[in-house]
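Values in this text are rule-based calculations from the coordinates and carry no lab data. The structure displayed is predicted, hence computed values, not measured ones. All Cβ positions, glycine included, derive from the backbone under ideal geometry; neighbour counts span all protein chains shown.
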Amino acid sequence: MDTTCTNLEFLEKGVKVTLNNDQHIEANHVISALPAPKLGMLLHKQHPTLGNLLSSIEHVNVAVINLAYENIPMKQNAFGFLVPPREKLPILGVVFDSCCFEQADWTILTVMMGGAWYDTYFKGQSKEYILDIACRYVHEILDMPRTPHAQHEKHRRYMWPHYKRSEDRYNLTDRTGLGVSW
């Protein structure tokens, strides 16, 4: 579980993956779940242009708050909701976990907060403040009790890529010749 990739080398037929324990794996294909900047560092030696482009993609911080309510069912039967930026709220959205995965007599919600506005709303704030904001908006929007029976709070640094407007997106095919675009 503590093994990480330290280098990717593209060969004529496949990819050589170097691990932090000096083991090597050869594969036909590699699928990466790494944030773009970390993948960029792995590719930089062999493909500096692609590595630099991937490294330049900004990521944003997100606070993830799990709220649990015992014997208080949701009034809405849905997956959750996203908050449009024009609403100017400190929450990004809420996932109704217990609507997707039955939790007996528990209602479990996941509140995502921050994103591109993380510093505006939460920089330097205490965990208690952030939890209070999550509880407040869940109460106001979903009419759930202001105080949950249980909660868990976690900050995810550089969690999501922060893509620019569509005309600013990269066309890596033109810049790298590798046939990669998004």
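What length, rounded to one decimal in nm, is gained on full extension from residue 155 through to residue 30, with 0.36 nm per residue of separation minus their alpha-carbon distance?
42.1 nm
Do any trypsin sites (Lys or Arg not before Pro) in the stretch 1-48 lie in a loop, going by DSSP, with at most 12 other beta-carbon atoms within 10 Å of their beta carbon, and if so which?
Loop-located and lightly packed - 13, 45.
What FRET efficiency comes out for the pair residue 5/residue 70, r = Cβ-Cβ distance, R0 = 30 Å, nearest 0.05?
Plugging the Cβ-Cβ distance into 1/(1 + (r/R0)^6) gives 0.10.
Within a Cβ distance under 10 Å of residue 16, other residues only, what is the Lys/Arg minus Asp/Glu net charge?
-2
For the stretch 70-114, what class follows from the C-alpha gyration tensor (a ≥ b ≥ c being the square roots of its eigenvalues): rounded when a/c is under 1.5, otherwise prolate if a/b is larger than b/c, else oblate?
Because a/c hits 1.5 or more and a/b exceeds b/c, the stretch 70-114 counts as prolate.
Report the relative contact order of the stretch 58-145, percent, no decimals, based on alpha-carbon pairs under 8 angstrom and at least 6 residues apart.
Result for the stretch 58-145 is 34 percent.
Would you mind checking 38/154; 16/45; 75/127; 16/154; 45/123 for any pair whose Cα atoms are more than 24 angstrom apart?
Long pairs (Cα-Cα over 24 Å): 75/127; 16/154; 45/123.
For the stretch 59-161, what class follows from the C-alpha gyration tensor (a ≥ b ≥ c being the square roots of its eigenvalues): rounded when a/c is under 1.5, otherwise prolate if a/b is larger than b/c, else oblate?
Prolate.
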